[in-house]
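Heads up, the thing below is written out as structure tokens.
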Amino acid sequence: MLSPPTQAPEQVHQMPRAARQLRSGVARARDWAQTPHGRIWVDAAVIWALTRAVFLVLTFLVPDLFGRAGGSSTSLAAALDRWVAQDGSHFAYIAAHGYTDYWRTAFWPAYPALMHVFGPLFGGDYGLAGMAITNVAFFGALVALRRLAERELDADAGRRAALYLAVFPTAFYFFAPYSEAVFLFLGISSFAAMRERRWLLAGLLGCAATLTRSAGVLLVVPFAVEFYSAWRAGAARWWRAVYVALIPAAAGLYSLYLVAQHRSPITYLSAQQYWGRSLQWPWTTYVLGLQGLLHLGGRDPIGATHLALNFAALVVFVVLAVVAFRVLPPSFGLYTAALLLYLSLFPASDPVAAVQGEGRLVLMAFPIFMALGKWGRRTWVHEALLVGMLPLLAIACAHFLLHLEA
């Protein structure tokens, strides 16, 4: 009678060893997830995954409910293409063709450059590449914000700050091919480097942030405040202050490119005029915003709603910036004030569009979310913020997918 084949000795021991290694790896991962550092990453991953899932559901559900193309019967790629709209379409164009039109120079180069580099991985679909970059960068921004808020405040405040950022009514732009997520990741990381007295890294990250959005140059303000404080305390050598020059140097690099491409180092300022924007006194933005609300009234309910939300976001953030000075170190408050002032300097001349996009741009004021994370320790404040933000997020996202967003 034939005896059953026997396994080689090494095969007998191979499976148990692999199983032990797997169990050991799982145990180490579980233990790591319970550490303060691991909790930051796990919490960020949970917030990131849940919000991405909601946006994916809305991507299919909203157009289908309203009878628009791109509903549940289409492919995933076709459905996601609905996100490549407005500024996202301009970024995709620049990634594919470069700055062939002077008026597109208002969109700074780092983000479309990344889209150009990674586009071939997505079959030349630069819009899809931009969405991938945005979502990866947003995960990085959540981790960076949580770490910074935990360092400056506490772990619970850090977790709430990340949550509030992810569910803010215009946070769906962190899913679309827009540059805010990349800017936020770089800006927060630069800020963290300043607080850790890593001046060269702070300057390099600030340079990258400025190449992403012009507002990055405002990181000079907290750099100067933090460096002066460190220097006075004897914690920084004076010559390291030169690293702050890396931040505005990004604008110089972009200007050199524009000289070669369009024969003008400030083409991006001329582009603002094409988009109907010009330098004004900061209070002009608020006056024009109120005029726009009075003009629209009941004539255009959707347009009036978008205008009101953008205007309210700007006003509320200005108020919160004043209060945030009591919660965070001076560099955070000064950066927020400088950013909100900057956002008020270039309103559209048309009152109806005066504050267009401000509800999205205030997302860059990350210290506000840190302050909210601190205030959210009160249960009623936390619940009120979520109850107010979540429905507005769903509505604003739906409007964007239906191409109704102003």
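Which of the residues that make up region 31-53 are under 16 Å from Thr134 (Cα atoms) and surrounded by 14 or more Cβ atoms within 10 Å (Cβ to Cβ)? Residues satisfying the conditions are Ala44, Ala45, Ile47, Trp48, Thr51, Arg52.
crowded, with 20+ Cβ neighbours inside 10 Å, in contact with a Pro (Cβ under 9 Å, 6 or more places away or on another chain) and over 19 Å from Ala166 (Cα atoms): does that describe Ala313? No; evaluated as a whole, the condition is false for this residue.
For residues that are modelled with pLDDT under 80 and either of a type in the set (D, E, K, R) or surrounded by 14 or more Cβ atoms within 10 Å (Cβ to Cβ) (or both), tally how many sit in region 289-304. Steps first, please.
First, the residues of region 289-304 that are modelled with pLDDT under 80: 295-304.
Next, only the ones that are either of a type in the set (D, E, K, R) or surrounded by 14 or more Cβ atoms within 10 Å (Cβ to Cβ) (or both) stay: 295-296, 299-300, 303-304.
Count: 6.
Residues that are within 22 Å of Gln272 (Cβ to Cβ) and of a type in the set (A, V, I, L, M) within region 195-219 comprise Ala209, Leu211, Ala215, Val217, Leu218, Leu219, listed in sequence order. For region 369-384, does any single residue satisfy the condition of being closer than 16 Å to Glu180 by Cα, in contact with a helix residue (DSSP H, G or I) (Cβ under 8 Å, 6 or more places away or on another chain) and at pLDDT 95 or above? Looking for residues that are closer than 16 Å to Glu180 by Cα, in contact with a helix residue (DSSP H, G or I) (Cβ under 8 Å, 6 or more places away or on another chain) and at pLDDT 95 or above, one finds at least one in region 369-384, hence yes.
Please specify each residue of region 229-244 satisfying the condition of being under 24 Å from the mean Cα position of the chain (by Cα) and small (Gly, Ala, Ser). Write out each step before concluding.
Step one: of region 229-244, the residues under 24 Å from the mean Cα position of the chain (by Cα) are 244.
Within region 229-244, none qualify.
Condition (residue is farther than 22 Å from Ala371 by Cα, surrounded by 24 or more Cβ atoms within 10 Å (Cβ to Cβ) and either within 18 Å of the chain's Cα centre (by Cα) or at pLDDT 95 or above (or both)) applied to region 154-176: is it met by at least one residue? Yes, region 154-176 contains at least one residue that is farther than 22 Å from Ala371 by Cα, surrounded by 24 or more Cβ atoms within 10 Å (Cβ to Cβ) and either within 18 Å of the chain's Cα centre (by Cα) or at pLDDT 95 or above (or both).
Could you run through region 315-326 and say how many residues are modelled with pLDDT of 90 or more and in contact with a Phe, Trp or Tyr (Cβ under 8 Å, 6 or more places away or on another chain)?
At the first step, the residues of region 315-326 found to be modelled with pLDDT of 90 or more are 315-321.
Narrowing further to those that are in contact with a Phe, Trp or Tyr (Cβ under 8 Å, 6 or more places away or on another chain): 315.
Summing the residues that are modelled with pLDDT of 90 or more and in contact with a Phe, Trp or Tyr (Cβ under 8 Å, 6 or more places away or on another chain) in region 315-326 gives 1.
Go through region 85-101 and give me each residue that's part of a loop (DSSP other than H, G, I, E, B) and crowded, with 20+ Cβ neighbours inside 10 Å.
Once the filter is applied, which keeps residues that are part of a loop (DSSP other than H, G, I, E, B) and crowded, with 20+ Cβ neighbours inside 10 Å, region 85-101 yields only Tyr99.
Tell me whether region 273-282 contains one or more residues that are out of contact with any Cys (no Cβ under 9 Å at 6 or more places or on another chain), surrounded by 16 or more Cβ atoms within 10 Å (Cβ to Cβ) and over 30 Å from Thr134 (Cβ atoms). Checked region 273-282: at least one residue is out of contact with any Cys (no Cβ under 9 Å at 6 or more places or on another chain), surrounded by 16 or more Cβ atoms within 10 Å (Cβ to Cβ) and over 30 Å from Thr134 (Cβ atoms). Only helices (runs of 4 or more DSSP H) whose full extent lies in region 102-203 are considered here, and the ones with at least 2 residues that are basic (Lys, Arg) are 126-152, 155-167.
Residue by residue, here is whether (1) assigned to a helix (DSSP H, G or I); (2) within 17 Å of Met194 (Cβ to Cβ); (3) touching a His at 6+ places or on another chain (Cβ under 6 Å); (4) hydroxyl-bearing (Ser, Thr, Tyr) holds:
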| residue | (1), (2), (3), (4) |
| --- | --- |
| Ala209 | yes, yes, no, no |
| Trp231 | yes, yes, no, no |
| Ala235 | no, yes, no, no |
| Val242 | yes, yes, no, no |
| Ala250 | yes, yes, no, no |
| Tyr257 | yes, no, no, yes |
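The values are calculated or read from the model by the stated rules, or taken from the named source; none is laboratory data. This is a predicted model, so every value here is computed, not measured. Positions of Cβ are generated from backbone atoms using ideal geometry, with glycine treated the same way; all protein chains shown enter the neighbour counts.
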